[in-house]
Amino acid sequence: MISETFEIRWFFDSPPAAFRAVHGRPEQRTDWYAPSSDGATSVKLRGADPDSPGRVESKLRSDSRIAVLYGNEQHRVEAWVKISLVAEDGDAAAERLWRHARQHWCQVVKRRWLRFDRLQDGHWITAPETDAGDYVEVEWSEVRIAERPAWTFCLEAPRALGSGILQNWFDHHRGRDSLIPDLTGCGPTQSWPERLA
């Protein structure tokens with residue numbers, strides 16, 4: 001499966017106050033990231049464990065010139081092309097890859113809270129996940145990167161929605177949504193490859 005997305009992500013070394021208000025049952029999984037030398041490519045085993053080889057996911061950054069305005073600050077939006085392949089249980093090659101990743105790649109344990117926001121008739125609504133393809137995925141995650149704790153906040157949207165969709169989201173939610181961290185002065189955005197470099 002091939003998909004194209006716009007993404008913007010921040011990392012924090014301590015939990016932002018807004019994270020304490022996030023509720024619901026988190027999605028928990030472990031990903032294994034291959035080393036990346038340029039910050040513009042990413043290969044990982046998504047949700048891999050000894051009982052299931054998970055999914056192989058490769059991402060290539062195709063554009064990083066887009067920005068959203070948050071207050072008086074500009075933050076970088078990245079366009080990515082993502083290729084996902086499901087690894088079948090019992091596949092010998094997938095099992096070898098999983099063993100190699102466990103020895104040589106970076107382990108990231110994630111607890112992710114997700115919300116799906118959709119622009120409908122000029123208004124933002126929270127949509128069920130089943131309405132795939134036309135929403136902004138809002139992610140709050142508590143992670144452990146090689147046993148080091150971190151927190152991350154991310155927005156992701158299909159590229160088909162247009163580059164202005166994330167600015168529209170920020171314009172509507174900033175100051176109205178208590179679950180959105182205060183991003184003023186929080187530093188530059190980072191992709192996963194840049195964070196792990």
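Evaluate the charge dipole of the range 76-197 about its Cα centre and quote only its size in Debye, nearest 20, assuming +1 on the Cβ of each Lys and Arg and -1 on the Cβ of each Asp and Glu.
Values: 16 positive and 19 negative charges, 106 e Å.
For this selection, approximately 500 debye.
Could you compute the net charge surrounding residue 61? Neighbours are other residues with a C-beta less than 13 Å from the C-beta of residue 61; K and R count +1, D and E count -1.
0
For the range 61-197, the C-alpha radius of gyration sits at 1.21 times the compact-globule guess of 2.2 N^0.38 Å, with N the residue count. Which one of 56, 106, 163 is farthest out on the positive end of the charge dipole of the chain, using unit charges on Cβ (Lys, Arg +1; Asp, Glu -1) and the Cα centre as origin? Among 56, 106, 163, the one farthest towards the positive end of the dipole of the chain is 106. Placing unit charges on the Cβ atoms of the charged side chains and taking the dipole of the range 1-88 about its Cα centre, the candidate lying farthest along the positive direction among 6, 39, 28 is 6.
By the scheme Lys and Arg +1, Asp and Glu -1, what is the net charge of all other residues having a beta-carbon under 12 Å from that of residue 44? In short, +4.
Here the Karplus relation 6.51 cos²θ - 1.76 cosθ + 1.60, evaluated at θ = phi - 60°, turns the backbone of the range 56-61 into coupling constants of 8, 10, 10, 10, 10, 6 Hz, with x for every Gly and Pro.
Values in this text are rule-based calculations from the coordinates and carry no lab data. Computed from a predicted structure; not experimentally measured. In this analysis, Cβ positions are derived from the backbone assuming ideal geometry, glycine residues included, and neighbour counts consider all displayed protein chains.
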